[in-house]
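Only one structure is covered here, and it is reproduced in the block below.
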Amino acid sequence: MSGEFVINTLSLGSLYALMALGLVFVYGILKLVNFAYGEYIMVAGYGMYVLGIYTPTPWWATMIIAVLLAALTSYLTELVAFRPVRTKSLNAMLVTSFAVSVLLQNAVLLIVSPRARAVPLPAAFNASVTLFGVTTPLRNILTIITAVVLLAGLTLLMKYTVLGIAMRAAADKFTTTRLMGVQANMVISVAFIISGLLAGVVSIFWVGRSSSVDPLIGAAPLLIAFIATVMGGMNSLMGAVVGGFVYGLLFNVLSITLPASMVNYRDAFMFVIVILFLLFRPEGIIRGSYTEERVG
Amino acid sequence: MLTVTELQASYGAITALHGISLEVNEGELVALLGTNGAGKSTTLKSICGVLRPVQGSIEFAGESIMNKKPESILKLGISMVPEGREIFTSLTVAENLRLGAYTCYERSRYQQDLKEMFALFPILEERLSQPGGLLSGGEQQQLAIARALMSHPKLLMLDEPSLGLSPTMVDNIFELIGMLRDRGITILLVEQNAERALKVADRAYVLKTGHIEFSGTPAQLEKELDIASVYFGGSKDKSSEVTL
Amino acid sequence: MRSKRTILDAVLDRSTIVALIAVLVLVAFVMNAFAPPVFVDVYTYLCVSLIMVLGLQMFMGNSGILNWTYVGFVGIGAFVASICSTPAAVKAMGVPNMYPALVEINMPVLPALLIGGFVAAAVAAAVAWPLMRLSDAVGVITLFAALIVIHVIMTQWDNVTNGPRTFFGVPFFTTLWIAVIGACITLVAAHLFRESSLGLRLRASRDDRHAAKAIGINVVAVRYFSFVASSFIAGVGGGLWAHYITSFSPKSFYITEAFLLLTMLVVGGAGSISGAFSGTVIVTVMRELLRQLEGWLNNSGVISFEVYGLTEVSVAILLIVILIWRPGGIIGGSEIRLPFARKK
């Protein structure tokens, strides 16, 4: 196994883990599979485009604002669309999230353009570096470092702060958490904000791969997050991270081993593998201890 | 302190409470008895805001708490030990207790409260860093009560605290409830184990299919129990354990 | 008491179906006689959409499972029927890589539509069992993933579908009357299914999965057969659509279309046939009006830039508003009762 393969897999896995984690933060508490999650990534991408092209904002500020923009979008969708249907049926919430996704995509189509737009990124981002004898874009190394920092930060937050404890409790037993005096709306809003922050960070690296953004850019990360969380286990944050790395590994292995004529079927192969896997282990790799409780 | 008037509640098309009224005065231990499906838990859930009642009124300390959110009701001083204990299984014992003090956290007071809880429930101190899910049923019940006490409630509501516990554990729990009453904590206790509940209660209500069937002191209830046993089956002489 | 009520219900429901059919046919006569061709087109399209939405309702409405994969089966039916009915010469020219065996196939449209339905149902039967075992979030995600698998295969298997490129030259077959007749038959089929023992068991499993299991309903089997039946309708609907539009690509059977069908069903109310009917009408009319508006805005030069996505934005807003205001849809879970049939 070459060093290049290891670094590629680690960086891809880190990115996928962050995608999955953002999705599962909301799922854990609301039991909502948020189809609009990909659009938070897209909004951050357009944020970078607008700031980078039309304003003299320095690149680091652009990135911070883009991440905040994703978090804000996530929070607003929760406030406007999800909160009113939260107590209704689970399907109502799912369809709502899909409608929000279509709405945001087409709003960008309407306001900006259906065509891809170039996003200016600092040149260093895509410069090559040589590490342990492996030459790789700096972006890949940054992805790994960012993921490590974020995962460590979130672990600290979830383990050692009251807010974190309350969020874990809410994912376990929502109603009982409210009986402790924890505000339901607050916990859910925080979950959406964290989900949005992660989407924003993912956006920087995802957009960084192609240096462009289009209205459908969120679709692929959404799918990756779906599959990674299902594979890792929907009921634990750890499961999402593990699922992300496993998906990254699987993706890279398939890219190498599939014959050239079959590479276009790679996504289909991935999904078939995952569906087969779920046949034998429907709860995913990591079995969460949370009960399936509806929030109402 | 707590006044419930003509409370009606339903689950969809099924009416669970047909206008019940009850009262809990400061410092009292009131038992709410009845068979399965009589509406005991529904009453508690309506009071603590988990369930939205259809009609009636609930007043606590002179303030209406009808249709308030559970989190606001807790802040007013009503703490609930839910049926089935509802421990956060993936959280440690310490984290469970910390959440109990969510609304009134203050470092020095919190440490003091913890010490007090450990005095009441020594087992919790031993298990402090274990996940709640690994505790036995009795330990979980102790944790649930301790967690509810951490918010310094004016009114503590207990929903079937003896359910599914071993006989010795049931003894411990009732001993504890008596102790809490002696400390002056107002308690509303829901139980199926009527005899044990009546031993510690100041007053009792008997619920049957969503109506209040009886209210009075345990002594009065004891007197009328023959009538009650007609309703609930089983006679007083046959078994010492009266199951309502 | 109970059986009496059920019979009364069935009679009332049947009167609803008869009324819906009467409306469909009556409007068709009016359209045929007086309306300009644009209206006839829209009405034909509405009837074809209705067939698809009713097929979706059969499974999704009665099982409560969000069926993303459905539009994939619409696509399978469309491709299979078109391959069967399109003349060999047209296929040889339009789909250069097609397997010779497929190029040679040629048959009238009607059997081609049925074969399309059967192949869709067969594919559903082959893959659905594991999918029906999964519930809740994992189920939703896997059904979504299954749609993507179907889409990837459609866009990549250019020996059959012409890949991502357009498949053209399909003979025109779906006239106004064919579409109306198809819609009427599907209305009856969806109604019979809903009231059948399978449909009742499926609805029981929707309302309470565990209770249904407890009274001896094999939830997975009930879902499985309903899913296959629903996929058959999807296939036939897809075939009819293909023979109306005459050229199409795999793009037409993907997330945007899944969303559209879902909206049509949910806006009216997934739980009932009248809900599916009214949702299809409302969304189709609204979409057509918005498309006209969008076209007018782009052509008239009132605004300086091109307008894309206005229709989708409006449909999405409509859907969100409906879900907040009436999460069960405009009609809701029970069938509309005709005023004269109202009796308690």
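The values are calculated or read from the model by the stated rules, or taken from the named source; none is laboratory data. Please read these numbers as outputs of a predicted model, since none were measured by experiment. Backbone-built Cβ (ideal geometry, glycine too); neighbour counts: all protein chains shown. Areas reflect the complete protein model, heavy atoms only, side chains present, ligands, DNA and RNA absent. Shrake-Rupley method; radii C 1.70, N 1.55, O 1.52, S 1.80 Å.
For the range A:169-246, what does the equivalent ellipsoid look like in terms of its semi-axes, each the square root of 5 times an eigenvalue of the Cα gyration tensor, given largest first in whole Å?
29, 16, 9
Using label points projected 7 Å from each Cα along Cα→Cβ, tell me how many nm separate C:ALA221 and C:ALA22, to one decimal.
If labels sit at C:ALA221 and C:ALA22, their model points lie 4.1 nm apart.
Quote the Stokes-Einstein diffusion coefficient, in whole µm² s⁻¹, for the range C:139-221, based on the Kirkwood radius over alpha carbon pairs, a temperature of 10 °C and a viscosity of 1.306 mPa s.
The diffusion coefficient I find is 94 µm²/s.
Helix by helix, which DSSP H runs in chain C go 24 Å or more along their axis at the Cα atoms and have an average Kyte-Doolittle hydropathy of -1.0 or more?
Those that clear 24 Å and a mean of -1.0 are C:2-34, C:37-56, C:109-133, C:136-156, C:176-195, C:219-245, C:273-300.
Tabulate in residue order the Karplus-calculated ³J(HN,Hα) for the range B:85-96, using 6.51 cos²θ - 1.76 cosθ + 1.60 with θ = phi - 60°, rounded to whole Hz; enter x for Gly and Pro.
Result, ordered by residue: 6, 6, 6, 6, 5, 8, 9, 6, 4, 4, 5, 4 Hz.
Quick one: which residues, 5 or more positions from B:PHE214 or on another chain, have an amide H under 5 Å from its amide H? H modelled 1.01 Å from N in the peptide plane, none for Pro or chain starts.
For B:PHE214, whose amide H was placed from the backbone, the distant partners under 5 Å are B:VAL206.
Run the quick spin-label model on C:ASP136 and A:VAL129: label points 7 Å from Cα toward the beta carbon, then report their separation in nm to one decimal.
Going from the C:ASP136 label point to the A:VAL129 one covers 4.2 nm.
Using only the Cα atoms of the range C:289-337, what are the Rg and Dmax in Å?
That works out to 15.8, 49 Å for Rg and Dmax.
For an R0 of 25 angstrom, estimate the FRET efficiency from the Cβ-Cβ distance between A:TYR160 and A:ILE64 and round to the nearest 0.05. Mind showing how you got there, number by number?
Numbers: r = 25 Å, r/R0 = 0.99.
Computed FRET efficiency for A:TYR160 and A:ILE64: 0.50.
Using 5 Å bins from zero, what percent of all Cα-Cα pairs in the range B:2-229 falls into each bin?
Distribution as computed: 1, 7, 15, 19, 20, 17, 12, 7, 3, 1, 0 percent.
What translational D, rounded to a whole number of µm²/s, comes out for the range B:118-190 from Stokes-Einstein when the hydrodynamic radius is the Kirkwood one over Cα pairs, at 10 °C and 1.306 mPa s?
The diffusion coefficient I find is 125 µm²/s.
Could you sort C:SER314, A:SER74 by their accessible area in this structure, using a 1.4 Å probe and putting the largest first?
Correct descending sequence by accessible area is C:SER314, A:SER74.
For C:VAL313, tell me the accessible area in Å² from a 1.4 Å probe, rounded to the nearest 10.
20 Å²
Counting only the heavy atoms of the protein chains, how much of C:LEU200 is accessible to a 1.4 Å probe, in Å² to the nearest 10?
Roughly 90 Å² of C:LEU200 is accessible to a 1.4 Å probe.
How much net charge surrounds C:ALA211 when only the other residues with a Cβ under 15 Å from the Cβ of C:ALA211 are counted, with Lys and Arg +1 and Asp and Glu -1? All intermediate terms of the calculation are to be shown ahead of the outcome.
Values: positive: C:ARG201, C:ARG203, C:ARG206, C:ARG209, C:LYS213; negative: C:ASP207, C:ASP208.
For residues surrounding C:ALA211, the net value is +3.
Please give the total accessible area that chains B and A bury against each other, computed with a 1.4 Å probe and expressed in Å² to the nearest 100.
2100 Å²
Given a Förster radius of 45 Å and the C-beta distance between A:ILE256 and C:ARG14 as r, what FRET efficiency does 1/(1 + (r/R0)^6) yield to the nearest 0.05?
Efficiency at R0 = 45 Å is approximately 0.15.
Over the range C:2-254, what lengths in whole Å, largest first, do the semi-axes of the equivalent ellipsoid take, defined as the square roots of 5 times the eigenvalues of the alpha-carbon gyration tensor?
Semi-axes (√(5λ), whole Å): 32, 25, 13.
Based on the Cα atoms of the range A:3-280, what semi-axes does the equivalent ellipsoid have, where each is the square root of 5 times one gyration tensor eigenvalue, given in whole Å with the largest first?
Each semi-axis is √(5λ); the values are 29, 23, 20 Å.
Among rounded, prolate and oblate, which fits the range A:1-56 when a ≥ b ≥ c are the square roots of the eigenvalues of its C-alpha gyration tensor, a/c under 1.5 means rounded, and a/b larger than b/c means prolate?
oblate
Quick one: Debye curve from the C-alpha atoms of the range C:172-295, no solvent, what's log10 I(q)/I(0) at q = 0.10, 0.17 Å⁻¹?
Debye intensities relative to I(0), on a log10 scale: -0.40, -1.06.
Extent of the protein assembly as shown along each principal axis, from alpha carbon coordinates, in Å, largest to smallest?
Largest to smallest, the principal-axis extents are 98, 80, 53 Å.
With a point put 7 Å past each Cα toward its Cβ, work out how far B:GLN8 is from A:SER212 in nm, to one decimal.
A separation of 6.5 nm, rounded to one decimal place.
More than 25 Å apart: what percent of Cα pairs in the range C:1-139 qualify?
Numbers: 5087 of 9591 pairs.
Of the Cα pairs, 53 percent sit more than 25 Å apart.
Counting only other residues whose beta carbon sits under 14 Å from that of C:GLY329, what net charge do I get with K and R as +1, D and E as -1?
Around C:GLY329, the charge tally is +1.
Looking at the calculated P(r) for the range A:77-194, what percent of the C-alpha pair distances fall above 21 Å?
Details: 4368 of 6903 pairs.
Within the range A:77-194, distances greater than 21 Å cover 63 percent of Cα pairs.
Show log10 I(q)/I(0) for the range A:135-217 at q = 0.16 Å⁻¹, two decimals, from a solvent-free Debye sum over equal Cα scatterers.
Those come out to -0.74, one per q.
Relative contact order for the range A:137-282: what is it in percent, counting Cα pairs under 8 Å that are at least 6 residues apart?
Result for the range A:137-282 is 12 percent.
Residues of the range A:104-143 losing 50 Å² or more of accessible area relative to the isolated chain, 1.4 Å probe, heavy atoms only?
Checking the loss per residue gives A:ASN106, A:LEU110.
Which angle between 0 and 90 degrees, to the nearest 10, do you get for helix B:167-182 versus the longest principal axis of chain B when only C-alpha atoms count?
The answer is roughly 90 degrees.
Could you sort A:LYS159, B:LYS115 by accessible area so the largest value comes first, with the probe set to 1.4 Å?
Largest accessible area first, the list is B:LYS115, A:LYS159.
Per residue of chain B, what 222 nm ellipticity follows from adding -39500 (n - 2.57) for every DSSP H run with n ≥ 4, rounded to the nearest 500?
So the helix-based figure for chain B works out to -11000 deg cm²/dmol.
So how many Lys-Lys pairs in chain B land under 18 Å Cα to Cα, not counting same-chain pairs under 8 apart?
13
Could you tally the net charge around A:LEU103, taking each other residue with its Cβ under 13 Å from the Cβ of A:LEU103, Lys/Arg +1 and Asp/Glu -1?
-2
Only helical DSSP H runs with n ≥ 4 go in: add -39500 (n - 2.57) per run for chain A, normalise by residue count and round the 222 nm mean residue ellipticity to 500 deg cm²/dmol.
Mean residue ellipticity, 222 nm, calculated: -23500 deg cm²/dmol.
Send over a whole-number figure in Å² for the accessible area per residue of the protein assembly as shown, probe 1.4 Å.
That works out to 41 Å² per residue.
Which order do you get for C:PHE173, A:PHE280 if you rank them by accessible area with a 1.4 Å probe, largest at the top?
A:PHE280, C:PHE173
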